[in-house]
Amino acid sequence: MTGSRTTAVLDRDGLDALVGTLRALGRTVVGPTVRDGAVVLAELSSADELPFGWGTRVEAGRYRLEPRADGAAFAHTTGPHSWKAFLHPQRERLWSADRTADGGLSYTEEDAPQPSYAFLGVRACDLRAIAIQDRVLTGGRYEDRGYRERRTGAFLVAAECTEPGGTCFCASMGSGPAAEAGFDLALTELLDADGHRFVVRTGSDAGEDVLARLPHRAADPRADTAAARDAVAGARERMGRAMPPVDLQALMGASLEAERWDDVAARCLTCGNCTMVCPTCFCTTTEEVTDLTGDHAERWQRWDSCFDLDFTHLPGGPVRASARSRYRQWLTHKLSTWYEQFGSSGCVGCGRCITWCPVAIDITEEAAALHDELADRLRRQERTEQER
Amino acid sequence: MTCAPVPYRVVRARTETADTVSLTVAPAGPSGLPPFAPGQFAMVHAFGAGEIPLSTSCIDGPELTHTVRAVGAVSAALCRLRTGDRVGMRGPFGTGWEVDRAVGGDLLVVAGGIGLAPLLPVVDAARAAPHAYGRLNLLVGARAPADLLHAHRLCTWATSPGPPHCLVTVDRPAPGWRGRVGVVTSLLNGARFDPGNTTAFVCGPEVMIRALARDLVHRGLPPHRVRVSLERTMHCGTGHCGHCQLGGVLLCRDGPVTGWDRAAPLLSVREL
Ligand code: SF4
Ligand code: SF4
């Protein structure tokens with residue numbers, strides 16, 4: 001990304017034009033919209049479909065839409081969907097195999113053209129989640145080609161958070177609420193005496209190019225730019241939750257035999273909801289599909305969950321037979337072993353796993369309990385040593 | 001999305017035991033996969049059944065041999081293949097044994113059950129360069145005499161002065177068995193090695209790896225000189241499916257071969 005960066009202001013017509021322009025450029029525009037009592041991510045044909053006038057009230061295990069009098073479009077929190085459903089879809093064909101007339105086999109790699117997406121309303125936490133999946137799926141020795149094509153072709157319009165939810169904790173994970181990098185355009189919605197408007201910053205040449213096609217005006221440094229910064233700073237102060245401010249990687253490493261795992265295992269249904277809604281969870285399994293002729297087989301990949309009993313097994317049976325070990329795998333992977341594997345945390349603090357857990361298990365609460373248990377253990381050890 | 005497999009042709013299918021077959025495959029077309037190092041694995045596709053990770057028990061130019069035990073749908077389908085049948089291959093994946101690490105010292109090759117298969121290329125490599133290494137020991141354990149893989153080779157080695165210095169034991173003897181009975185760890189006393197200058201290559205069930213590695217470290221081998229090959233479910237081979245995690249290790253990428261220094265803390269936690 002090169003070139004100078006612009007800050008401007010769009011009004012409601014500008015937002016309409018943004019969706020229209022991205023569609024005219026041949027992009028599939030995906031953004032938040034209200035469906036079945038939730039804000040979900042779906043293809044948008046116009047900005048009218050954005051959740052104007054809807055907010056969300058979220059708590060552990062609870063999610064509710066609430067009408068808002070101010071008509072805000074981006075005052076909701078993260079919903080049950082994340083952008084991974086588009087970049088790393090739930091099901092994807094990898095390759096096909098065909099028996100040839102001479103008794104041979106031929107393999108064909110999937111190379112259908114990938115959609116050219118524009119994502120509208122990407123939260124800061126989700127920008128970070130996308131960057132994390134980039135590293136997992138394209139940052140190593142082998143890259144997931146389908147992911148890379150969809151990803152490099154995608155145009156990202158961020159929407160900074162001004163109304164955080166009860167389960168949000170991105171501030172404590174250093175991943176929000178301000179959008180700092182990785183976007184083409186970043187919007188901050190303002191509703192004040194100066195009207196309903198969107199302060200827009202460009203983050204790439206592609207973003208500059210799109211902005212130039214939209215009706216916009218220059219941003220006033222005080223009334224617009226500073227107001228947007230203040231609104232986002234206010235959100236930082238109103239996060240519903242926070243991760244304990246400790247070295248989580250070390251905490252998890254020292255807690256593999258903690259008693260807390262039994263406590264959480266007694267509550268966890270091992271349903272895997274948390275892994276499905278998490279924007280960084282990437283695990284997949286594969287399946288073989290054959291047609292009736294028996295001469296054509298296809299290899300499909302689909303999302304999988306480490307909460308599945310069969311996730312990993314040895315000749316003797318499942319490796320992680322207990323709920324305790326499966327919850328431990330999920331949490332230690334998110335907060336600790338992810339660093340060893342991919343150089344960062346696997347959690348961005350979006351709060352989805354807390355909101356969508358049917359029994360209200362809270363990742364921040366579990367981390368805090370593990371921290372308390374470890375601190376307790378260390379204190380006791382110290383005492384015994386002193387007594388000796 | 002990963003690269004599609006490359007078609008290979010079965011050039012030989014040899015029955016090893018009641019449930020185990022050695023399949024030798026060669027590229028069906030003009031080009032095959034890049035060369036495999038001992039200990040690396042391929043993802044082998046049985047048409048219509050699926051794909052599984054298999055290490056190589058023999059690497060002969062472009063010809064690769066996989067020793068497969070029928071334990072699931074895909075391995076059973078592979079065990080049914082005949083000469084001329086086709087499979088799809090992806091790879092090579094993972095870390096190898098890096099036999100070179102043992103240059104100038106003694107070698108302890110220790111196998112339990114099907115774990116012998118991926119270790120045979122280590123024996124072949126050491127035998128091909130006898131001056132590079134010290135003494136070559138091959139210690140093999142199996143459940144019963146009928147489960148011994150590559151029995152003819154083992155028999156020749158066990159009854160000749162070597163190399164390799166080959167010792168074989170079984171858990172449950174059968175009528176006519178005149179060899180040793182007991183766990184593979186019990187063979188260590190008969191092995192010829194200087195613990196201060198030995199590299200061990202170990203493959204087998206996890207209980208056996210654990211017992212053997214601990215014993216070797218107790219005898220004075222530095223943990224990083226005990227190389228172990230570990231197993232977990234694998235769907236991709238490319239570090240993307242997440243199934244082969246063992247703590248911070250992705251076995252398809254950082255393994256399957258790793259030092260005991262790295263493996264010990266991971267294998268000491270139940271259900272990790
Ligand atoms: S933590 Fe909650 S969402 Fe996750 S598996 Fe357990 S019950 Fe399901
Ligand atoms: S672990 Fe939970 S809070 Fe963290 S990124 Fe995943 S869903 Fe969001």
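All of the numbers you see were taken from the coordinates with simple rules; none came from a lab. Given the structure is predicted, the values throughout are model-derived calculations rather than measurements. Cβ: placed from backbone, ideal geometry, glycine included. Neighbour counts: every protein chain shown.
Taking a ≥ b ≥ c as the square roots of the eigenvalues of the Cα gyration tensor of the stretch B:2-93, is the shape rounded (a/c under 1.5), prolate (a/b larger than b/c) or oblate? Rounded shape, in that the Cα axes give a/c under 1.5. Shape analysis of the stretch A:7-237 based on the Cα gyration tensor places the equivalent ellipsoid semi-axes at 35, 20, 17 Å, largest first.
The mean number of partner chain beta-carbon atoms within 10 angstrom of a residue's beta-carbon across peptide A:136-142 is 4. Separation of the stretch A:175-230 from the stretch B:216-254 is 48 Å, based on Cα centroids. For the stretch A:7-237, a simple Cβ point-charge model (Lys and Arg +1, Asp and Glu -1, everything else neutral) yields a dipole of about 460 debye relative to the Cα centre.
Ranked highest first by the average count of other Cβ atoms within 10 Å around their residues, in what order do A:106-116, A:316-326 fall?
A:316-326, A:106-116
Three semi-axes describe the equivalent ellipsoid of the stretch B:57-105; taken as square roots of 5 times the Cα gyration tensor eigenvalues and ordered largest first, they are 28, 13, 11 Å. Kirkwood-type hydrodynamic radius, the stretch B:99-226: 14.5 Å, calculated from all non-identical alpha-carbon pairs.
If only the Cβ of Lys and Arg carry +1 and only the Cβ of Asp and Glu carry -1, the dipole of chain B around its Cα centre is close to 340 debye. Unpaired cysteine residues in chain A (no second Cys Cβ under 4.7 Å): A:CYS161, A:CYS168, A:CYS268, A:CYS271, A:CYS283, A:CYS306, A:CYS347, A:CYS357. Look at where the Cα atoms of the stretch B:27-63 and of the stretch B:113-138 average out, and the two centres are 20 Å apart. Shape summary: chain A maps onto an equivalent ellipsoid whose semi-axes, from the alpha-carbon gyration tensor, are 36, 32, 18 Å in decreasing order.
In µm²/s, what is D for the stretch B:1-55 at 4 °C and 1.567 mPa s, where D = kT/(6 pi eta Rh) by Stokes-Einstein and Rh is the Kirkwood radius from Cα pairs? Answer from the Stokes-Einstein relation: 101 µm²/s. Each part reduced to its alpha carbon centroid, the stretch A:39-94 and the stretch A:324-354 end up 23 Å apart. With unit charges on the beta carbon (Lys/Arg positive, Asp/Glu negative), name the residue among B:MET234, B:LEU188, B:LEU267 whose Cα is farthest towards the positive pole of the charge dipole of the stretch B:155-272. Of the listed residues, the answer is B:LEU188. The relative contact order of the stretch A:63-130 comes to 28 percent, based on Cα pairs under 8 Å that sit 6 or more residues apart. Here B:LEU266, B:LEU119 are placed in order of increasing Cβ neighbour count within 10 Å, fewest first, which gives B:LEU266, B:LEU119. Largest GNM mean-square fluctuation across A:PRO51, A:PRO279, A:PRO221, computed for chain A with C-alpha springs under 10 Å, falls on A:PRO221.
Before anything else, pin down the relative contact order of chain B: Cα pairs under 8 Å, at least 6 apart, normalised by residue count, whole percent. Before the final figure, lay out the partial values.
On the way: 620 pairs, mean separation 47.0, N = 272.
Relative CO of chain B lands at 17 percent.
Sequence-distant contacts, meaning Cα pairs under 8 Å at least 6 residues apart, place the relative contact order of the stretch A:144-292 at 25 percent.
The spread of Cα positions in the protein assembly as shown, taken along each principal axis and listed from longest to shortest, comes to 95, 81, 43 Å.
Let me know the mean shielding of B:231-241 by other chains, meaning the per-residue number of their Cβ atoms within 10 Å of its Cβ. Please report the intermediate quantities before stating the final value.
Numbers: counts 5, 5, 8, 1, 7, 7, 1, 6, 10, 13, 7.
The mean count of partner-chain Cβ atoms within 10 Å per residue comes to 6.
Kirkwood hydrodynamic radius computed over chain B comes to 18.9 Å, based on all pairs of distinct alpha carbons. Placing unit charges on the Cβ atoms of the charged side chains and taking the dipole of the stretch A:19-99 about its Cα centre, the candidate lying farthest along the positive direction among A:GLY53, A:GLY20, A:VAL40 is A:VAL40. In the frame of its principal axes, the stretch B:155-249 has Cα extents of 47, 37, 22 Å, reported largest first.
Taken about its Cα centre, the protein assembly as shown carries a charge dipole of about 2000 debye when Lys and Arg each add +1 at the Cβ and Asp and Glu each add -1 at the Cβ. Over the Cα atoms of the stretch A:248-387, the radius of gyration divided by the Kirkwood radius equals 1.09; this is the Rg/Rh ratio. Farthest toward the positive end of the dipole of the stretch A:118-247, out of A:PRO164, A:LEU191, A:GLY140, is the Cα of A:GLY140, where the dipole comes from beta carbon charges about the Cα centre.
Order the peptides B:156-165, A:297-306, B:247-256 from the highest to the lowest mean number of other Cβ atoms within 10 Å of their residues. Write down the numbers at each step before the final one.
Values: B:156-165: 15.3, A:297-306: 20.1, B:247-256: 22.9.
With the highest mean Cβ count within 10 Å placed first, the list reads B:247-256, A:297-306, B:156-165.
A Cα-only calculation for the stretch A:1-98 places Rg and Dmax at 16.9, 59 Å.
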